[in-house]
Amino acid sequence: MTADGRPLRRTVGCPRTVVVMSELLSVSQIEFAYNGHAVLRGIDLALERGGLVALLGPNGSGKTTLLKILNGILAPRTGRVEFDGKNLGAIARKEIARRIALVPQELNVPFAFTVREMVLLGRTPHIRPLFGESTRDHQAIDRALELTTTSALAHRVFGDLSGGERQRVVIAMALAQEPQVLLLDEPTVHLDINHQIEILELVRQLNRERGLTVLATMHDLNLAALYFDRLMLLNEGHIIIEGTPREVLSAERVQAVFGAEVLVQAHPQHANIPQVVLMPMRASSLPLA
């Protein structure tokens with residue numbers, strides 16, 4: 001038990017030396033519904049400080065909804081959300097925005113903002129009314145642009161950028177918040193293979209070098225297995241399993257959750273990382289050799 005009587009959820013280590021993993025963001029017994037339709041049912045989730053986690057699941061399983069609850073945008077019908085041991089609902093919205101950043105699937109920008117102006121928006125929770133941007137604000141913007149290799153784009157119009165460039169800029173905007181937690185909703189959506197790898201390499205770098213805690217929803221099971229330390233599988237409103245990619249991605253489980261026949265085998269260069277191979281429903285559907 002913790003000092004305040006709460007149970008410890010997870011420990012690692014040998015029997016003589018037990019290291020308690022520090023929970024940064026967690027939910028317990030979360031229930032949520034849209035128009036009476038249950039989306040999340042009794043969700044328990046603990047995101048460890050410095051964790052790199054992918055949330056997997058079919059369309060409509062509640063992944064985006066869960067991210068919005070973790071960011072305080074949506075309030076659960078029942079259950080509790082905690083950030084660093086405090087009830088998220090009791091934390092001021094501005095304070096949440098300083099510590100948790102959410103990168104959505106789509107960001108519609110109606111005005112012709114430059115890249116630097118877009119990244120400046122990430123500093124909004126830190127800027128004091130009537131005082132304008134401080135030196136620290138501009139330094140944070142410069143760091144975010146440098147980390148995402150978007151400094152050269154600073155004076156370009158956001159809407160004129162390619163998909164990969166826009167995604168890096170939106171991540172830069174989130175990094176300018178200087179958050180402890182980065183929530184990513186399908187960060188590789190609409191991107192080609194090269195840009196998908198580019199974005200996930202950046203996310204992993206930020207986690208490894210800056211200690212940024214990351215939770216990302218993902219559709220691509222193979223990319224999730226390659227770039228994330230732990231996976232959570234969400235189905236019909238429940239997290240049915242959490243663990244390493246090897247523990248989570250079995251052929252039987254993928255078929256049961258996604259309804260697709262697959263073969264799961266070891267990655268050709270990384271034996272401990274599983275890769276999911278789609279199997280055609282009919283041999284006749286394949287092109288002739």
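Bear in mind these aren't lab numbers, they're just calculated from the coordinates by the rules spelled out. Computed from a prediction, not measured in an experiment: that's the story for all the values here. When we count neighbours, we look across all protein chains shown, and the Cβ atoms used for this are built from the backbone with ideal geometry, even at glycine.
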### Message
Can you give me the C-alpha center-to-center distance between segment 84-99 and segment 105-166, rounded to a whole angstrom?
### Response
23 Å
### Hull volume in cubic angstrom per residue (convex hull over the Cα atoms of segment 89-179)
105 Å³
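Grab the eigenvalues of the alpha-carbon gyration tensor for segment 142-185, scale each by 5, take roots, and send me the semi-axes largest first in whole angstrom.
Ellipsoid half-lengths, sorted descending, are 18, 12, 7 Å.
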### Query
What per residue convex hull volume, in Å³, comes out for segment 209-277 when only alpha-carbon positions are used?
96 Å³
### Message
Please list the three semi-axes, largest first and in whole Å, of the ellipsoid equivalent to the chain, using sqrt of 5 times the eigenvalues of its alpha carbon gyration tensor.
### Response
31, 27, 19
### Message
If you restrict to DSSP beta bridges whose two residues both lie in the chain, what percentage is antiparallel, to the nearest 5?
### Response
65 percent
### Task
Please work out, to two decimal places, the log10 of the ratio I(q)/I(0) at q = 0.14, 0.15 Å⁻¹ from a Debye calculation in which every Cα of segment 121-252 carries one identical scatterer.
-0.71, -0.79
### Query
Dipole magnitude of the chain about its Cα centre, charges +1 at Lys/Arg Cβ and -1 at Asp/Glu Cβ only, in debye to the nearest 20?
660 debye
